[in-house]
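A.B. asks: To start, I am sharing the structure in question, which I have written as structure tokens.
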Amino acid sequence: MRTRFILLISLIAPLALHGQFKKIKTVEVSEDILTAYVDRPGDLYIATVTGQFQKFDKDGKLALVYKNNPAPELFDPRDGARLFAFYRSNRQYAYLNPSFDFNKSFVIDSAFVLEPWLVCASGDFNVWVLDGADATMRKINVNKGQVDAEVKLPASFDVKSIRSMREYQGMLFVLTDDAIMIYNSIGKAIKTINTKSAYVNFLGEEMYYLQDGKLRFVDLFTGDIRDQALPAPCTMALLTDERLYLIQQKSIDLFEVKPNK
């Protein structure tokens with residue numbers, strides 16, 4: 001089993017794996033879209049500037065509208081059955097069901113973190129927490145009540161420049177204003193990718209983000225880089241095995257992914 005992340009850039013070429021795109025429809029929304037997410041089954045979630053969340057199925061049908069006060073600072077739909085959300089104002093993170101009802105919620109213990117700035121899920125039960133008080137990221141083992149890993153960021157680092165955190169394939173991905181910082185499961189720095197992309201997402205063994213109007217894919221195990229041209233301009237592009245979602249300010253273009261023959 002491949003377990004190491006090796007960023008030896010061996011290839012930059014058009015991505016042929018995901019085939020061609022056939023447009024299905026455009027969905028208009030009433031509020032400006034702030035960001036968007038996809039869960040593992042391929043459903044789309046958008047967050048608007050007012051803190052509203054809207055969930056769409058893969059055919060663009062609106063399935064759910066959710067609004068909480070306050071809105072979460074970090075959201076991850078994960079597998080679509082057990083959603084994750086972090087609320088900074090009350091130091092709380094929660095697991096939500098597909099209807100956005102709270103299944104379980106937890107308050108970050110001040111014994112571990114003085115000022116929880118961001119929190120993301122680590123596996124099924126643990127969490128990574130960014131402490132704004134001392135610019136430290138800690139992996140907290142919730143069941144054992146202990147810190148399993150710790151990353152001390154440079155003293156000059158601006159914690160508020162971190163937009164989001166997410167664990168994938170046992171690695172922690174930290175998105176800042178101008179970079180993606182990658183750490184292994186014990187908090188050792190692996191690689192920093194300089195980019196001003198507003199997001200990072202994953203498909204299989206690849207991470208991807210928007211770069212110069214194209215989707216840039218990086219293989220997490222070989223380090224191969226591939227670029228995918230997009231069929232239309234967008235501010236975000238999210239890809240699944242079946243769909244390509246192109247996000248604009250108040251609209252979503254849905255495309256069917258048609259494999260190459």
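All of the numbers you see were taken from the coordinates with simple rules; none came from a lab. Computed from a predicted model, the values in this text were never measured in an experiment. Glycine gets a Cβ as well: all are built from the backbone with ideal geometry, and neighbour counts include every protein chain shown.
A.B. asks: Return the residues of the range 83-99 that are surrounded by 17 or more Cβ atoms within 10 Å (Cβ to Cβ) and either in a loop (DSSP other than H, G, I, E, B) or out of contact with any strand residue (DSSP E or B) (no Cβ under 8 Å at 6 or more places or on another chain) (or both); say none if nothing qualifies.
C.D. replies: Of everything in the range 83-99, just one residue is surrounded by 17 or more Cβ atoms within 10 Å (Cβ to Cβ) and either in a loop (DSSP other than H, G, I, E, B) or out of contact with any strand residue (DSSP E or B) (no Cβ under 8 Å at 6 or more places or on another chain) (or both), namely Arg91.
A.B. asks: Sticking with this one: Give the number of residues within the range 91-114 that are among the small types (Gly, Ala, Ser) and closer than 20 Å to Asp79 by Cα.
C.D. replies: Counting residues in the range 91-114 that are among the small types (Gly, Ala, Ser) and closer than 20 Å to Asp79 by Cα gives 3.
Matching residues to (1) free of Cβ contacts under 8 Å to residues at least 12 places away in the same chain; (2) more than 30 Å from Asn141 (Cβ to Cβ); (3) out of contact with any helix residue (DSSP H, G or I) (no Cβ under 6 Å at 6 or more places or on another chain):
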site: Glu28; (1), (2), (3): no, yes, yes
site: Thr35; (1), (2), (3): no, no, yes
site: Ala63; (1), (2), (3): no, yes, yes
site: Ala71; (1), (2), (3): no, no, yes
site: Tyr93; (1), (2), (3): no, no, yes
site: Pro98; (1), (2), (3): no, no, yes
site: Lys104; (1), (2), (3): yes, no, yes
site: Ile108; (1), (2), (3): no, no, yes
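A.B. asks: Kindly list the number of the only condition in (1) in a strand (DSSP E or B); (2) farther than 21 Å from Tyr245 by Cα that fails for Ala63.
C.D. replies: (2)
Residues checked against (1) basic (Lys, Arg); (2) at positive phi; (3) part of a strand (DSSP E or B); (4) surrounded by 13 or more Cβ atoms within 10 Å (Cβ to Cβ):
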residue	(1), (2), (3), (4)
Ala111	no, no, no, no
Trp117	no, no, yes, yes
Val129	no, no, yes, yes
Lys139	yes, no, yes, yes
Ala149	no, no, yes, yes
Ser156	no, no, no, no
Phe217	no, no, yes, yes
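A.B. asks: Take the conditions surrounded by fewer than 17 Cβ atoms within 10 Å (Cβ to Cβ), hydrophobic (A, V, I, L, M, F, W, C) and touching a residue at least 12 places away in the same chain (Cβ under 8 Å) and apply them to Ala237. Does it pass?
C.D. replies: No; evaluated as a whole, the condition is false for this residue.
A.B. asks: A further question follows. Among the residues in the range 234-246, are any out of contact with any helix residue (DSSP H, G or I) (no Cβ under 7 Å at 6 or more places or on another chain), in a strand (DSSP E or B) and either more than 20 Å from Gly60 (Cα to Cα) or of a type in the set (Val, Ile, Thr) (or both)?
C.D. replies: No, because not a single residue in the range 234-246 is out of contact with any helix residue (DSSP H, G or I) (no Cβ under 7 Å at 6 or more places or on another chain), in a strand (DSSP E or B) and either more than 20 Å from Gly60 (Cα to Cα) or of a type in the set (Val, Ile, Thr) (or both).
A.B. asks: A follow-up question, please. If I filter the range 203-212 for residues that are farther than 30 Å from Leu130 by Cβ and part of a strand (DSSP E or B), do I get at least one hit?
C.D. replies: no
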